[in-house]
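In what follows, a single structure is set out as structure tokens and then discussed.
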Amino acid sequence: MLRQLDEIRLDALNELAQVDEVEEVEAWRVRYLGKKGNVTRILRSLASLPLDQRKLVGAQANALKEELQLSLVDRRKFLEETHLRLTADRRRLDITLPGRPVPVGRFHPITRSLEEICGVFKNMGFQVLEGPQVEWDYYNFEALNIPRDHPARDMFATLWIDSETSGKARLLRTHTSPMQIRIMEKGCLPIRAIVPGRAYRYEATDATHESMFYQVEGLAVDKDITLADLKGTLFEFCHCLFGKERKIRFRCDYFPFVEPGVEVAVECLSCGGEGCRLCGHSGWLEILGAGMVHPDVLQRCGIDPEEYTGFAFGMGVERIPMLRYGIDDIRLFYANDLRFLKQF
């Protein structure tokens, strides 16, 4: 048995010297010092030896176990230090190499357009306000001259939260115009305000329509405001965003909460007015509707229409970058395709 211990010692130390990986050290430990290892097996067989031999073999077996454990610790430490040194050498910084490029974030084109639109109107003296996206039927329709039986409701494919027939129905606002009522109800005259935000409509999507889109609502109420003030404000806005050389069309339209109502369209940048899929082959792209605030709307908010007048407008924000960059499909803005977004 003493001869076996000498053979185990030689084999174990030779094998340990040839181990090159930290993972192999654990396998070596199990083979010689584990519960079923060679040294452990001899220690468990001591009970079968005579007493005088048991002491001699036991002392030598324990000495061998301690020696192997110390060798194991030294070898594991050596391999770990070697691994760390090699890793450090591989990752050593070469200051002569060019720096690694850092990806730079950027604003979404809709966010950028919103900031530009708000910036133009701020320079004209308008303040920026926000309103709720979940709105009451009263503010979204009734207070804007669109009662329950009004045919203009058919213009809005509404996403209802409560039943439309309930007394106080809630909905996802179909436009940002409800903020006109909320602002005028406060009675803080004169008013110069714009309201950017999301609007929602339950409708089929195509190149120029989405079920969720951004609008910017504008409202001005004061004494002696005329249609000429509205036209001058909107023409100045369009020239600031699209350039003074861009053609602008200003013509009559109908909206229940303004009288008279107008539509503002800009020459299609994609086709230069020749007609394409984006502009419906008309050469023009409508960007906003506007008009003089209806006297009934003013009166409903506690404002005397004989003393005060005002104008309001609402524009689709997505149309602005579509015109400026020649984008022919509104759905690209919300497809989360980085190849598209990285262009802005």
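The values are calculated or read from the model by the stated rules, or taken from the named source; none is laboratory data. Predicted, not measured: the structure shown is a model, and the values here were computed from it. Because the Cβ atoms are built from the backbone with ideal geometry, glycine has one as well, and the counts that use them run over all protein chains shown.
Here is a list: D74, D89, D94. Which entry is farther than 30 Å from R339 by Cα, outside any helix (DSSP H, G or I) and not hydrophobic (A, V, I, L, M, F, W, C)? Full working, then the answer.
Numbers: D74 fails: outside any helix (DSSP H, G or I); D89 fails: outside any helix (DSSP H, G or I).
When all the criteria are applied, what remains is D94.
Using beta carbons and a limit of 6 Å, which pairs, at least six apart or on different chains, have the first residue in segment 136-163 and farther than 26 Å from P260 by Cβ and the second one loosely packed, with under 14 Cβ neighbours inside 10 Å and modelled with pLDDT of 80 or more?
As it stands, the answer is L159/Y202, since those pairs meet every condition given.
Give all pairs with beta carbons closer than 9 Å in which a residue from segment 51-65 that is at pLDDT below 75 meets a residue that is of a type in the set (S, T, Y) and in a helix (DSSP H, G or I); count only pairs at least 6 apart in sequence or on separate chains.
From residues that are at pLDDT below 75, the pairs are R54/S48.
Given the options D137, D206, name the one that is more than 26 Å from the chain's Cα centre (by Cα) and over 17 Å from V293 (Cβ atoms).
Details: D206 fails: more than 26 Å from the chain's Cα centre (by Cα).
Selected residue: D137, the only one of D137, D206 that is more than 26 Å from the chain's Cα centre (by Cα) and over 17 Å from V293 (Cβ atoms).
Could you look through segment 198-231, keep only residues that are of a type in the set (G, A, S) and either touching a Lys or Arg at 6+ places or on another chain (Cβ under 8 Å) or over 16 Å from V317 (Cβ atoms) (or both), and pick out the one that is surrounded by the most Cβ atoms within 10 Å (Cβ to Cβ)?
Here the residue is A199.
If the requirement is being among the hydroxyl-bearing types (S, T, Y) and either on the phi > 0 side of the Ramachandran plot or more than 33 Å from the chain's Cα centre (by Cα) (or both), which of these qualifies: T176, T158, T165?
T165
Given the structure, is V262 closer than 26 Å to I303 by Cβ, touching a residue at least 24 places away in the same chain (Cβ under 8 Å) and touching a strand residue (DSSP E or B) at 6+ places or on another chain (Cβ under 9 Å)? Talk me through it step by step, then tell me what you get.
Working: closer than 26 Å to I303 by Cβ: yes; touching a residue at least 24 places away in the same chain (Cβ under 8 Å): yes; touching a strand residue (DSSP E or B) at 6+ places or on another chain (Cβ under 9 Å): yes.
Yes, satisfied.
Given the condition surrounded by 15 or more Cβ atoms within 10 Å (Cβ to Cβ) and within 30 Å of H83 (Cβ to Cβ), answer yes or no: does some residue in segment 39-50 qualify?
Yes, some residue in segment 39-50 is surrounded by 15 or more Cβ atoms within 10 Å (Cβ to Cβ) and within 30 Å of H83 (Cβ to Cβ).
Answer yes or no: is there a residue in segment 25-39 that is within 28 Å of K77 (Cβ to Cβ), assigned by TED's automatic domain parsing to the domain that holds L86 and over 60 Å from the mean Cα position of the chain (by Cα).
Checking segment 25-39: at least one residue is within 28 Å of K77 (Cβ to Cβ), assigned by TED's automatic domain parsing to the domain that holds L86 and over 60 Å from the mean Cα position of the chain (by Cα).
Could you list, ordered by first residue, the pairs with Cβ atoms under 7 Å in which the first is in segment 3-32 and within 19 Å of Q60 (Cα to Cα) and in a helix (DSSP H, G or I) and the second is at pLDDT 80 or above and of a type outside the set (A, V, I, L, M), at least 6 apart or interchain?
Pairs that qualify, where the first residue is within 19 Å of Q60 (Cα to Cα) and in a helix (DSSP H, G or I) and the partner is at pLDDT 80 or above and of a type outside the set (A, V, I, L, M), are L13/S71.
Looking at I181, is it under 33 Å from the mean Cα position of the chain (by Cα), surrounded by 15 or more Cβ atoms within 10 Å (Cβ to Cβ) and touching a residue at least 24 places away in the same chain (Cβ under 8 Å)?
On the way: under 33 Å from the mean Cα position of the chain (by Cα): yes; surrounded by 15 or more Cβ atoms within 10 Å (Cβ to Cβ): yes; touching a residue at least 24 places away in the same chain (Cβ under 8 Å): yes.
Taking the combined requirement at face value, the residue satisfies it.
Just for segment 139-167: of the residues that are in a loop (DSSP other than H, G, I, E, B) and among the acidic types (D, E), which one is farthest from R300 (Cα to Cα)?
Going through the qualifying residues, I end up with D162.
Give all pairs with beta carbons closer than 6 Å in which a residue from segment 219-239 that is at negative phi and assigned by TED's automatic domain parsing to the domain that holds G261 meets a residue that is assigned to a strand (DSSP E or B) and of a type in the set (K, R); count only pairs at least 6 apart in sequence or on separate chains.
A220/R192
May I ask you to say which residue of A193, A152 is aliphatic (A, V, I, L, M) and over 30 Å from L241 (Cα atoms)?
Step by step, each of A193, A152 is checked, and only A152 is aliphatic (A, V, I, L, M) and over 30 Å from L241 (Cα atoms).
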